[in-house]
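Colleague: Could you have a look at this structure, given as structure tokens, before my questions?
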């Protein structure tokens, strides 16, 4: 079973699929799943490849796996010790872009399904929701599949997202939720002029500085239990012409806010606007992700129990990290748990995963699938 997962992962890594390109990965996945009784539904949009693979089950309920075949760019190829799309295995380590994020997890889920089908194990309906637009803009990826499934009344009862959730060992951490994201561009307006004649100008940076200080000092309140506090970071400030004798007529600031469910977009927007109330200012708000959390219950218990059965680990039910496509699934009302490999080299030059991790993750996925109930 571990060899099957490794072999699939190698074949996926060898298909170059820098976002939003799929590189033929989803056609390859179809060839693996079709003999197991899966039917592929294509939901392509905006140059993005999206596939819903479905196998009707013998038992009640529908369990889905959500993943992506796109990867981030490699960076300077000459800095990779092993070619980024070689899929080389050296000393028990599988090398290549996507090894951890997340072609390895996709391979493990397919291997788990193959094992259970080969043993004629009665299963619930199984879906794989695979996109090539997770690492990019995420505009025409999982969200389009959710729209299709909602329109066709085919949403699953629960979803495993194969994001690399673990820290030191496979199974030590799952993501039960994520903070939301609000990104803001604030433009402070003034009047450009000569620095020797300040009476004839209006320094935009002088308006921006105290306002940005007020934004940095906003008290976002206590965090929801189980979530990190809301974080507000001013990530970029730009103003002026570059000349020392020109008073700037504008100043732009970029702000990144990661909020827990104790806050919401309307409250965040109001707080930022209030901090700039005495300024001539223009805002651009982008609410790119809503905070979500999967409640304690049978699905979370099953995932934790399967991890315990395979590894002996009492897993951490976490909500940290950035965003993932889990937000689109949660918005549709589906319980979501993120569980994949470790994440020590994701997006880095030299991305790699231990072959032994793939074996463990395949065993955990197998246990989850085999014991899933609604």
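Colleague: Find all pairs meeting these conditions: Cβ atoms under 6 angstrom apart; at least six residues apart or on different chains; first residue within region 351-374 and free of Cβ contacts under 8 Å to residues at least 24 places away in the same chain; second residue surrounded by fewer than 20 Cβ atoms within 10 Å (Cβ to Cβ).
Modeller: none
Colleague: Do we find that residue 253 is under 28 Å from residue 322 (Cα atoms), at pLDDT 95 or above and surrounded by 20 or more Cβ atoms within 10 Å (Cβ to Cβ) in this structure?
Modeller: Criteria met by residue 253.
Colleague: Turning to a different aspect of this structure: For region 235-264, give me each residue that is closer than 14 Å to residue 184 by Cα and under 22 Å from the mean Cα position of the chain (by Cα).
Modeller: 235, 254, 255, 256, 257, 258, 259
Colleague: Can you name every residue in region 301-325 that is within 30 Å of residue 139 (Cβ to Cβ) and out of contact with any helix residue (DSSP H, G or I) (no Cβ under 9 Å at 6 or more places or on another chain)?
Modeller: Passing the criteria: 318, 319, 320, 321, 322, 323, 324.
Colleague: Would you mind telling me which numbered condition in (1) in a helix (DSSP H, G or I); (2) free of Cβ contacts under 8 Å to residues at least 40 places away in the same chain; (3) farther than 22 Å from residue 349 by Cβ residue 33 fails?
Modeller: The number of the failed condition is (2).
Colleague: So how many residues does region 303-314 have that are buried (at least 23 other Cβ atoms within 10 Å of the Cβ) and not in a helix (DSSP H, G or I)? Please lay out each step first, then the result.
Modeller: Here is the first cut: in region 303-314, the ones buried (at least 23 other Cβ atoms within 10 Å of the Cβ) are 303, 306-307.
From what is left, the residues that are not in a helix (DSSP H, G or I) are none.
Looking only at that region, the number is 0.
Colleague: Checking the condition farther than 20 Å from residue 93 by Cβ, under 21 Å from the mean Cα position of the chain (by Cα) and at pLDDT 95 or above, which residue from 18, 39 passes?
Modeller: On the way: 39 fails: under 21 Å from the mean Cα position of the chain (by Cα).
Sole residue among the options that is farther than 20 Å from residue 93 by Cβ, under 21 Å from the mean Cα position of the chain (by Cα) and at pLDDT 95 or above: 18.
Colleague: Sticking with this one: Give the residue, chosen from 181, 186, 170, that is under 24 Å from residue 261 (Cβ atoms) and either in contact with a strand residue (DSSP E or B) (Cβ under 8 Å, 6 or more places away or on another chain) or not in a loop (DSSP other than H, G, I, E, B) (or both).
Modeller: Every option except 181 fails the conditions.
The values are calculated or read from the model by the stated rules, or taken from the named source; none is laboratory data. Remember, it's a predicted structure, so these values are computed and weren't measured experimentally. Positions of Cβ are backbone-derived with ideal geometry, glycine not excepted, and every protein chain shown enters the neighbour counts.
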